[in-house]
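Asker: Below are the structure tokens for one structure; questions will follow.
No value in this document is a laboratory result; all are computed from the given coordinates. Quantities reported herein were computed from a predicted structural model and do not represent experimental measurements. Counting neighbours? That spans all protein chains shown, and the Cβs are built from the backbone with ideal geometry, glycine included.
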Amino acid sequence: MKNMEKEGHRSRLLSSRGVGQVLTITLGWIVICIIFGLINPSFFSGRNVGNLFRQIAPILLIGIGQGLVLITGQIDLSLGSVVGMCSMFSATLMTHSVNPGVAVLIALILSVATGLLNGFLVAGCKIPPFIATLGTMSIARGLAQIVNGNYNTDSIGNNAQGFRDFFYYGKSLNVYNAIWIALLFWIVFDFIARRTVIGRHIYAVGSNIEAAKLSGINTSRSITFAYMVSGLCAGIVGLMTCATSGMGSMDAGTSYEMYAVAAAVIGGISTLGGEGLLIGTIVGAGIWGTLQNGLQFAGAPVGIRNIFIGIIVIISVSMDIIVRAGKGRAVKRKSKNKEKIKLD
């Protein structure tokens, strides 16, 4: 009897939304790690593993933000520019003797405000998300360029060493702080997505926005919340970028919107909305970071690495569309069978 109950619990768990896909992708990640380890044993060295997970941390963060937006059925193309904007604003303020804590707060307020603007444009003004976030992408990049007079900043100096240690170089319990920050964000927003009312509303909006409206769900609030989280995550990555280089770069965050989509989609979050788990972003970011790191160890040129990863993203999206189409046909067949039974 107990064995039957365990089997039933296991079956329910595996049939839960996206769990099976996450397990499959995790297996793929393990296989990729083994392959790179065989190609170059240094891949599994303690130093490389630590650096690998530190490289994965910012990808995971932007994947969390993009993942929530994708679940609502939208997309955020402004992420990379928000990373650059936050990096430039924080660095510019610190080079002008502003307290690093104040500089961080101002940069994060700007990042969240960009997410709020995205939510207003998409949910409030009904502008297609591709167009709305393309516009804010350009605005954020423009702000990054003009804040320091169209120049990258000077070094943020020794006075900001605490800032650099907190967001990138420092360790707690022998683990880089960047990794702890990314994990903390994942824990918080995974809990929100799976265990709270706003999380259930986000999935409902992505599954069928019209049905969600009829159910009394404030769809605008759900979409705006997802965009604000996306802006916040991008802002944190901007601070990490600034802490890493010790300066602000106008080009910081370039192509990060692609990294974010890749982390979410490879991790099993549907581009069509309503499906996927944020735990998948850990695996998706892990695969992305591992491929970048492992191909570098294997001596592959940057161009080959980008082509290889781009192919994986296309395959992931294609598989998602195929699976969703198959589910749709299965639902139609069931409804037709029910109608036939009723007629008989």
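Asker: What spacing in nm lies between the two simple spin-label points modelled at ILE106 and ARG195, each 7 Å away from Cα in the Cβ direction?
Answerer: 3.7 nm
Asker: Taking Cα centroids, how far is region 63-86 from region 181-205 in Å?
Answerer: Region 63-86 and region 181-205 have Cα centres separated by 15 Å.
Asker: Also, quick follow-up: For the pair HIS96 and ASP251, how long in nm is the line joining their label points, each one 7 Å along Cα→Cβ?
Answerer: Label at HIS96, label at ASP251, 2.5 nm between them.
Asker: Mind ranking 172-183, 245-256 by how tightly packed they are, going by the mean number of other C-beta atoms within 10 angstrom, highest first?
Answerer: Sorting 172-183, 245-256 by mean packing, highest first, produces 245-256, 172-183.
Asker: Do any chymotrypsin sites (Phe, Trp or Tyr not before Pro) in region 129-172 lie in a DSSP loop with no more than 15 other beta carbon atoms within 10 Å, and if so, which?
Answerer: Those satisfying the criteria are TYR151.
Asker: Anything in the chain that counts as a DSSP H helix reaching 18 Å or more along its axis (C-alpha) with Kyte-Doolittle mean of at least 0.0? List them, would you?
Answerer: Answer set is 19-39, 46-71, 79-95, 100-119, 129-146, 177-195, 219-245, 279-297, 302-343.
Asker: Turning to a different aspect of this structure: Restricting to DSSP H runs of at least four residues, report the calculated mean residue ellipticity at 222 nm for the chain, -39500 (n - 2.57) per run over all residues, nearest 500 deg cm²/dmol.
Answerer: -25000 deg cm²/dmol
Asker: Test of understanding: extend the Cα→C-beta vector of LYS126 to 7 Å, then name every residue of region 191-231 with backbone N under 12 Å from that spot.
Answerer: So the set is empty, nothing qualifies.
Asker: Stretch ILE311-LEU27 to full length: gain in nm at 0.36 nm per residue minus the Cα-Cα span? Before the final figure, lay out each step's value.
Answerer: Values: separation 284, 0.36 × 284 = 102.24 nm, distance 1.90 nm.
Once the chain is fully extended between ILE311 and LEU27, it gains 100.3 nm.
Asker: By counting other Cβ atoms within 10 Å of each Cβ, how are TYR227, TYR259, TYR203 ranked from fewest to most?
Answerer: Ordered from fewest to most neighbouring Cβ atoms within 10 Å, TYR227, TYR259, TYR203 come out as TYR203, TYR259, TYR227.
Asker: Modelled label-to-label distance, VAL175 and ASN51, 7 Å Cα→beta-carbon offset: nm?
Answerer: If labels sit at VAL175 and ASN51, their model points lie 2.1 nm apart.
Asker: Below 14 angstrom from the Cβ of ASN174, what's the summed charge of the other residues (Lys, Arg +1; Asp, Glu -1)?
Answerer: +3
Asker: Take the Cα pairs of region 57-297, get the Kirkwood Rh, then feed it into Stokes-Einstein at 25 °C and 0.890 mPa s and tell me D in µm²/s.
Answerer: Calculated translational D: 138 µm²/s.
Asker: Quick check on region 85-192: take the gyration tensor over C-alpha atoms, sort the square-rooted eigenvalues as a ≥ b ≥ c, and tell me if it's rounded (a/c under 1.5), prolate or oblate.
Answerer: oblate
Asker: List the residues of region 256-288 whose backbone N lies under 18 Å from a point placed 7 Å from the Cα of ILE322 along the Cα-to-Cβ direction.
Answerer: 265-272
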